[in-house]
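One structure is given below, encoded as structure tokens.
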Amino acid sequence: MENSFLELLSKRHSFYNINRNLPLSEDEISSLIFEAVKLYPSPFNSQSSRLLVLFADKHHHFWHIVEQKLLVSSPSNKEIAIKQRMLSFAQGAGTILYFIDKDIIREQEKEMPLYAANFKNWAYQSSAMLQFMIWSTLANKDIGASLQHYNPLIDTLVQKEFVISDSWELVAQMPFGGINSIPQPHTFEDIANKIIIQK
């Protein structure tokens, strides 16, 4: 079936070779992100995900401060690799930082103690679904992205630099931009070994 949901999802890859030339305006990309935040599922409709979307100078500054933090925290023989990796992200057009709001989770734990042990895990799962939704949406607009996890190493730095509430816990970073090159197709193991169907 042409343009089926699964076919649309197949365009999502980890794009590392990205640039600043976007096929959409920053406002159009922001609108797509707003729509995804309205639609993503969350436990008991808690809507605990939070986002910080960085464009232009803010985007470049973010990857500069991540680089500086990594350089002082890593062995010296990793310096070249770190700089190359951070440059590949900074050459993109923007970055989305994903958070969960711990205040929302604490409220749920108090209101529904029977499920208290689950709420933080559910918040992570809900954030992951939002990340996937936005990642796939960008891919279908010919915008390349990848998902990074430099948290918790950079958590305090991000809160200070971008004036983020202490209740927001950083969970992922998504640099995005125009696509310089298409990654190799996904490879798949034997799916039959991963699924059990009983009738």
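Each reported figure results from applying straightforward, stated rules to the coordinates on display, with no laboratory input. Keep in mind that this is a model prediction, so the values were computed, not measured. All Cβ positions, glycine included, derive from the backbone under ideal geometry; neighbour counts span all protein chains shown.
At a Förster distance of 22 Å, what's the computed FRET efficiency of LEU157 paired with LYS78, Cβ-Cβ distance as r, to 0.05?
0.75
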Exercise. Given labels modelled 7 Å from the Cα in the Cβ direction, how far is it in nm from PHE55 to ASN140?
Worked result: 2.2 nm
Exercise. What's the lysine pair count for segment 19-122 at a Cα cut-off below 21 Å, pairs eight or more apart or interchain?
Worked result: 9
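Suppose R0 equals 30 Å; then what is the FRET efficiency for ARG20 and SER167 from their Cβ-Cβ distance, rounded to the nearest 0.05?
Values: r = 33 Å, r/R0 = 1.09.
E between ARG20 and SER167, to the nearest 0.05, is 0.35.
Computed over the Cα atoms of the chain, what is the ratio Rg over Rh, Rh following Kirkwood?
Working: Rg = 18.4 Å, Rh = 18.4 Å.
Reported Rg/Rh (Cα atoms, Kirkwood Rh): 1.00.
Mind jotting down a quarter of the surface of the convex hull over the alpha carbons of segment 63-119, in square nanometres, one decimal?
Its Cα hull, projected and averaged over all orientations, spans 6.0 nm².
Per the helix-only calculation at 222 nm, which mean residue ellipticity applies to the chain, given -39500 (n - 2.57) for every DSSP H run of n ≥ 4 and division by its residues, nearest 500 deg cm²/dmol?
On the way: 7 runs with 88 residues, N = 199.
The helix contribution divided over the chain gives -14000 deg cm²/dmol.
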